[in-house]
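One structure below.
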Amino acid sequence: MRSRFKYLAAICFSLTSLSMSAPPQSLATKCPSITVECPINILQPGDPFTVTANVTDADPNLNLIYNWSVSSGIITNGQGTPTITMDTTGTGGETITATVEIGGLDSSCANTASCSYITCPVPVSRRFDKYGDLAFADEKKRLDNFAEQLKNEPGSQAYIIAYGKQGARIGDAQVRADRAKQYLIDKLGIKAERILTIDGGIHVRFTLELWITPQGGRPPTALDDQGEPSESN
């Protein structure tokens, strides 16, 4: 039976209200205003993340030094300059805070500011179907439904995980996974590069699982009968 799914919108946005301007600390010294700008567009984990510091009303003769720090991710370019670029791989759903400390200002002036941004959560793979040792005619019907859903999600990746039954010959599960993949390619028009097969090892009985991984999502993991990662991974 064809599965139905509901989709939830990801929450990922710039917390611009957390950007802080450094206020003047002394009436005798005119201190500049410092603000930090985080991205305003939606970012997925792994997308380049650019942050810019703005220093206004500063003495143009000052030699300002920009020292950046981030709560998550890695600064890949721009340390020491007003703009940095970060690698956000592995930060799905996290709040990234970028802080700049400005060197070269009068000691009476505040010299730090920051902004924060919440990256989109990493998309989750979902199991579309699971079945046992069906006759191929019946299995084709399940694969037909699978192909239809893949066509509705053109950026997704398909995974076929096959578990051999106890006592089966080594490689039997992979043969079944390959047969399902070939049917999707030859008869249903799914491109070969969109389908990956996994030999999940041995279970009590033969099982084949059909998974869909959204673009940028983590792939599924083959599990043993106790729900632990299979040794075949």
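The values are calculated or read from the model by the stated rules, or taken from the named source; none is laboratory data. Keep in mind the model is a prediction, meaning the values are calculated, not measured. For neighbour counting, all protein chains shown are included, and Cβ atoms are generated from backbone atoms with ideal geometry for every residue, glycine included.
Just a few scattered comments:
- All positions within the range 57-66 that are within 14 Å of Thr35 (Cα to Cα) and either under 36 Å from the mean Cα position of the chain (by Cα) or small (Gly, Ala, Ser) (or both): Ala58, Tyr66
- So Ser19, is it surrounded by fewer than 13 Cβ atoms within 10 Å (Cβ to Cβ), at pLDDT below 90 and hydroxyl-bearing (Ser, Thr, Tyr): no
- Screening the range 139-188 for residues that are more than 27 Å from the chain's Cα centre (by Cα) and β-branched (Val, Ile, Thr) and picking the one that is surrounded by the most Cβ atoms within 10 Å (Cβ to Cβ) gives Ile185.
- When Gly155, Gly171, Gly132 are checked against the criterion of being out of contact with any Leu (no Cβ under 6 Å at 6 or more places or on another chain) and closer than 24 Å to Gly92 by Cα, a single residue qualifies: Gly155.
- Residue match in the range 144-151 (condition: in a loop (DSSP other than H, G, I, E, B), aliphatic (A, V, I, L, M) and not assigned by TED's automatic domain parsing to the domain that holds Ile42): no
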